């Protein structure tokens with residue numbers, strides 16, 4: 001019961017081979033120059049990474065409901081395996097897949113009309129294109145009520161004005177569309193009506209700001225976006241009018257589990273790096289792993305890796321079971337928040353421990369632990385901060401809110 | 001066009017490799033093994049040829065139970081079916097016996113239009129099985145092809161030498177061994193992994209091929225490995241300190257080794 005299926009392990013081996021041969025040799029340079037490898041994405045797509053949760057009719061590998069398990073379709077757990085393995089080589093490449101599916105594909109998959117799905121999904125599922133989702137604004141994050149981007153409908157056309165912040169995959173050469181949340185009116189009780197609207201890349205009035213100067217995730221494509229009288233046809237509304245934020249919240253659980261998979265890849269790599277280094281680096285004539293000051297820290301890394309993996313795949317399994325109608329949404333929500341909270345904090349701890357084991361070398365960019373140290377922090381922030389996760393977990397326990 | 005690709009399961013060149021102390025043969029059981037990387041080029045070339053037209057790609061291997069992993073990888077890449085020749089008596093076979101088993105297996109599959117192989121295994125590194133196999137099958141052999149064009153009744157291959165490139169044409173059916181310059185082998189995909197599970201794999205023993213145990217194996221080998229010993233670990237590199245004469249020291253280091 002505590003192992004993935006042979007299919008999952010076989011796919012893991014494939015992603016690992018690919019990541020070690022095609023990504024690992026380049027990441028230090030890409031990180032140093034903040035280069036987004038747009039050519040790599042379609043190659044990841046050819047392996048099937050972007051299509052695992054997309055039905056076959058839209059170019060993915062998920063089987064129709066009712067197909068037997070031996071039909072061997074893609075599932076969410078398979079996606080987590082891919083994200084973990086990419087994250088083990090580079091966190092920013094891992095987030096590119098995570099956001100590409102969780103934020104780019106999922107909203108269209110879950111709320112798109114048949115026409116929207118047919119238009120956008122095949123290229124996204126193949127990795128030929130990327131899509132982004134714009135929720136956060138300079139003055140509004142988790143409090144969607146503060147959303148100031150506005151969209152007004154007149155003569156069959158939406159006109160969008162406003163700005164978005166920190167939008168992943170929004171400005172790559174292969175980005176095809178960014179879905180943004182916007183105020184489309186005011187409800188009777190005075191609260192804003194928030195809807196989601198799809199803005200194709202290169203639409204006039206849609207400006208992608210220059211890339212951010214980030215602490216980590218240098219390889220990941222992140223931009224602020226500006227909309228100035230940006231016009232799209234009425235049929236670019238995604239999902240029901242006034243449901244934009246609710247729809248977004250509903251897709252967050254997947255994202256949290258996927259972030260946990262990314263964090264698990266980070267912890268696993270720190271365990272491998274610290275183990276190898278403590279066997280090889282000598283101090284006072286012996287490998288440093290001989291000394292308990294080091295060996296106990298490496299043992300702690302093994303515990304972090306094991307616990308992270310268990311929480312992640314338990315949550316991923318629950319999500320697949322929920323999709324099959326056997327588990328409740330509430331169970332998945334709780335497991336997703338617990339996994340995201342624990343693993344992201346474990347990743348930050350693990351990078352701190354590994355850097356310490358490496359001593360002075362850990363502070364040098366020549367060693368990958370330094371890059372992982374910079375990359376880990378954002379895991380505690382993105383897709384719901386640790387504080388938001390604790391709040392959600394407490395609510396899940398029935399505490400008064 | 002029907003193509004047979006001969007593939008070999010070899011110890012991973014990245015992992016620790018050992019010999020069996022009892023008979024001086026390569027240990028293929030207690031090591032991490034995989035589809036020989038040089039054979040991936042032959043599989044890729046076969047897939048490209050069939051994808052550009054039509055036909056069936058059959059991969060054939062001779063080896064122990066673990067060798068099925070090499071077939072699985074080729075099937076995941078896109079080959080249509082596989083044949084695994086497995087028999088305890090084959091253990092220790094030399095290149096001559098290997099080519100005999102492969103020839104019989106290919107005849108049993110049904111004579112294809114084209115037989116493709118890698119240019120050599122990454123473990124034995126003999127590079128002679130392709131020509132031996134062509135001889136046994138009565139096929140023209142084109143070896144070390146770095147480019148291959150397949151016509152209706154012939155193949156044209158480019159063979160790159162140090163000073164010149166040859167263009168060689170051979171009538172079909174033919175055998176061609178390919179180099180690592182000919183293409184970039186594809187990775188399998190999620191779909192490929194799932195599809196491979198349903199592809200047919202035949203398992204044959206010597207008797208199925210009309211061969212007897214005394215025609216193959218260690219005792220029938222024309223050559224014998226009499227001893228093996230581990231290579232000494234690499235010496236640490238020489239560090240040249242430049243005290244105004246660094247260039248001269250480097251030049252004499254290279255000249256001593258006849259690099260310049």
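The values are calculated or read from the model by the stated rules, or taken from the named source; none is laboratory data. All values derive from a computational prediction rather than experimental measurement. So basically every Cβ, Gly included, is an ideal-geometry build from the backbone, and we count neighbours across all protein chains shown.
Of all residues in segment A:374-394 being part of a helix (DSSP H, G or I) and without any contact (Cβ under 8 Å) to a residue 60 or more places away in the chain, which is nearest to residue A:214 (Cα to Cα)?
Among those residues, the one meeting the criterion is A:380.
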* Quickly run through segment A:121-140 and pick out the residues that are out of contact with any strand residue (DSSP E or B) (no Cβ under 6 Å at 6 or more places or on another chain) and within 15 Å of residue A:169 (Cα to Cα). => A:123, A:125, A:127, A:128
* Structure fact -> (1) buried (at least 16 other Cβ atoms within 10 Å of the Cβ); (2) in a loop (DSSP other than H, G, I, E, B); (3) away from chain A (no Cβ under 14 Å) all hold for residue B:186 apart from (3)
* **First in segment A:52-71 and within 18 Å of residue A:316 (Cα to Cα), second anywhere and modelled with pLDDT under 95 and surrounded by fewer than 17 Cβ atoms within 10 Å (Cβ to Cβ), Cβ under 6 Å, 6 or more apart** => A:63/A:71
* To do: Please state which one of B:38, B:75, B:102, B:116 is surrounded by 21 or more Cβ atoms within 10 Å (Cβ to Cβ) and within 14 Å of chain A (Cβ to nearest Cβ).
  => B:75
* Could you tell me whether any residue of segment A:82-99 is facing chain B (nearest Cβ under 10 Å), crowded, with 23+ Cβ neighbours inside 10 Å, at pLDDT 95 or above and assigned to a loop (DSSP other than H, G, I, E, B)? => no
* How many residues are within 10 Å of chain B (Cβ to nearest Cβ), at pLDDT 95 or above and touching a strand residue (DSSP E or B) at 6+ places or on another chain (Cβ under 6 Å) when one looks only at segment A:35-73? -> 0
* Residue ID - farthest from the chain's Cα centre (by Cα), chosen from residues in segment B:170-183 that are surrounded by 18 or more Cβ atoms within 10 Å (Cβ to Cβ) and in a loop (DSSP other than H, G, I, E, B) -> B:173
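What about residue A:348, is it farther than 20 Å from residue A:76 by Cα and in contact with a helix residue (DSSP H, G or I) (Cβ under 7 Å, 6 or more places away or on another chain)? Working first, answer last.
Working: farther than 20 Å from residue A:76 by Cα: yes; in contact with a helix residue (DSSP H, G or I) (Cβ under 7 Å, 6 or more places away or on another chain): yes.
Judged against the criteria, residue A:348 is a match.
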* Please state which one of A:159, A:152, A:172 is outside any loop (DSSP other than H, G, I, E, B) and either crowded, with 20+ Cβ neighbours inside 10 Å or free of Cβ contacts under 8 Å to residues at least 40 places away in the same chain (or both). => A:152
* For segment B:127-139, enumerate the residues that are assigned to a loop (DSSP other than H, G, I, E, B) and buried (at least 17 other Cβ atoms within 10 Å of the Cβ). => B:127, B:139
* Asked: Which ones in segment A:1-34 are closer than 24 Å to residue A:76 by Cα, more than 14 Å from every other protein chain (Cβ to nearest Cβ) and touching a residue at least 12 places away in the same chain (Cβ under 8 Å)?
  -> A:2
* To do: Test residue B:230 against the stated conditions and say whether it is out of contact with any strand residue (DSSP E or B) (no Cβ under 7 Å at 6 or more places or on another chain) and either surrounded by fewer than 12 Cβ atoms within 10 Å (Cβ to Cβ) or under 30 Å from residue B:165 (Cβ atoms) (or both).
  => yes
* To do: For segment B:189-210, name all the residues that are away from chain A (no Cβ under 14 Å) and either closer than 22 Å to residue A:51 by Cα or out of contact with any strand residue (DSSP E or B) (no Cβ under 6 Å at 6 or more places or on another chain) (or both).
  => B:205, B:206, B:207, B:208, B:209, B:210
* Inspect segment A:109-119 for any residue being crowded, with 24+ Cβ neighbours inside 10 Å and in contact (Cβ under 8 Å) with a residue 40 or more places away in the chain and give the result as yes or no. => no
